[in-house]
Amino acid sequence: MDLFLKRTLFAVLACRLGECCFVLPSLFPCRAGFPLLGMLAAIIAFSPVILFAADEKPTAVVNWIHAAEKSDQLKVDFYDPNMPPKAYPGWTDFELSLTYKFRHQTRWRLGKGNVYAVTIHPTFTAVKPAVKHVVQLPNTINQSHWEDSILGRHELDHVAIGSHPRLLMLTSHLVKNLKSVNRKADQVADVTNEWAQAAITAEIDLRRLAIQQLITANNVNLDLITRHGGETVPDREAFFDRLFLKENLDELKFLYLGESHKLLETDEYRQAKSLFHQQD
Ligand SMILES: [Zn+2]
């Protein structure tokens, strides 16, 4: 049952009980304090701070969590809070992995000082980015419904940032958009396949790192505006809707903004929405 409905029923019953006690004092050994008790119950019923529970998540989000846990995209660890404390009671780590295949062509010319200017042209045939999250929560919370706790909900918002569908699109785009890599070599014999492949891999690693920094910067922003989960996200829909759009990338000084323009303007990218934006 929806938590809001449960709380409403509880509050109404509590108020009615208080009223009966007030109207029929002969039947119940109580006084006018009971309506106040009913009101107090109503306040408690609607106070997530007192109950330490947030609203239940939409079915689509719960289904996503279960599928992500099964596929190892999401792992939730429950730690003993008696162990040495971490900086915060909840913690979320992410890892952006990237598998890809490419073929390449290499050209070179002898430049100044007898050094060869080498240009490597990769063509990517398969690109598969994936983001994994590990959430750590104290084992004292309700482990089967951790996502309904205030702490769990906050950590899930970090997961929501790293799982935004635009991230995978942006990562794939930046890999495929790498058309040439320039290097120098002392002699032609140095320009082997392995050497060229290592140069391409190094460039891709820089792009992956820049996207990781984007995720981290948005996580820092989330902690700032919610005081590490002490408050809900103000204008939640707007927060998740603007993630990884041009103004967000601009604000965070994304290194590859220039190379991303073409993708950022597409309807497919702009309309890719986070599943979590209406979670509260
Ligand atoms: Zn946080």
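Please state which one of Ala199, Ala160, Ala217, Ala238 is over 24 Å from the mean Cα position of the chain (by Cα) and in a helix (DSSP H, G or I). Quick ask: steps written out before the conclusion?
On the way: Ala160 fails: over 24 Å from the mean Cα position of the chain (by Cα); Ala217 fails: over 24 Å from the mean Cα position of the chain (by Cα); Ala238 fails: over 24 Å from the mean Cα position of the chain (by Cα).
Sole residue among the options that is over 24 Å from the mean Cα position of the chain (by Cα) and in a helix (DSSP H, G or I): Ala199.
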Looking only at the range 70-93, filter to residues that are under 22 Å from Thr216 (Cα atoms) and either exposed (fewer than 14 other Cβ atoms within 10 Å of the Cβ) or among the polar types (S, T, N, Q) (or both); which one of those is modelled with the lowest pLDDT?
Lys86
For Gln143, which of the numbered conditions (1) within 28 Å of Arg236 (Cβ to Cβ); (2) surrounded by 20 or more Cβ atoms within 10 Å (Cβ to Cβ) fails to hold?
(2)
Which count do you get for residues in the range 65-107 that are without any contact (Cβ under 8 Å) to a residue 24 or more places away in the chain and within 16 Å of the ligand (Cβ to nearest atom)?
2
For residues that are within 16 Å of the ligand (Cβ to nearest atom) and among the aliphatic types (A, V, I, L, M), tally how many sit in the range 150-186.
6
Hey, Thr125 polar (S, T, N, Q) and surrounded by 13 or more Cβ atoms within 10 Å (Cβ to Cβ) or not
no
Kindly indicate whether any position in the range 168-190 is at positive phi and at pLDDT 95 or above.
no
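Suppose we keep only residues that are of a type in the set (A, V, I, L, M, F, W, C) and outside any helix (DSSP H, G or I) within the range 136-149. Which one would you say is nearest to the ligand (Cβ to nearest atom)? Please lay out each step first, then the result.
Of the residues in the range 136-149, the ones of a type in the set (A, V, I, L, M, F, W, C) are 137, 141, 146.
With outside any helix (DSSP H, G or I) added as a condition, the list becomes 137, 141.
Details: Leu137: 12, Ile141: 15 Å.
The extreme case among them is Leu137.
If I ask for residues that are touching a Pro at 6+ places or on another chain (Cβ under 6 Å) and farther than 28 Å from Thr216 by Cα, which ones from the range 94-117 would you list?
Initially, the range 94-117 is screened for residues touching a Pro at 6+ places or on another chain (Cβ under 6 Å), giving 98, 102, 104.
Correct list: Phe102, His104.
Can you name every residue in the range 192-217 that is closer than 21 Å to Glu268 by Cβ and within 16 Å of the ligand (Cβ to nearest atom)? Don't jump to the end; show me each part of the working.
Within the range 192-217, the first condition is being closer than 21 Å to Glu268 by Cβ, and the residues that meet it are 207, 211, 214-215.
Ile215 - this is the single residue of the range 192-217 that is closer than 21 Å to Glu268 by Cβ and within 16 Å of the ligand (Cβ to nearest atom).
Residues checked against (1) touching a residue at least 12 places away in the same chain (Cβ under 8 Å); (2) surrounded by 14 or more Cβ atoms within 10 Å (Cβ to Cβ); (3) of a type in the set (Gly, Ala, Ser):
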residue	(1), (2), (3)
Thr216	no, yes, no
Thr226	yes, yes, no
Leu249	yes, yes, no
Leu252	yes, yes, no
Glu259	yes, yes, no
Leu264	yes, yes, no
Glu268	yes, no, no
Leu275	yes, yes, no
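Would you be able to say whether some residue in the range 117-126 is aromatic (Phe, Trp, Tyr), part of a helix (DSSP H, G or I) and either assigned by TED's automatic domain parsing to the domain that holds Leu263 or touching a residue at least 24 places away in the same chain (Cβ under 8 Å) (or both)?
no
The values are calculated or read from the model by the stated rules, or taken from the named source; none is laboratory data. All values derive from a computational prediction rather than experimental measurement. Using ideal geometry, Cβ is built from the backbone for each residue, glycine included, and neighbour counts are taken over all protein chains shown.
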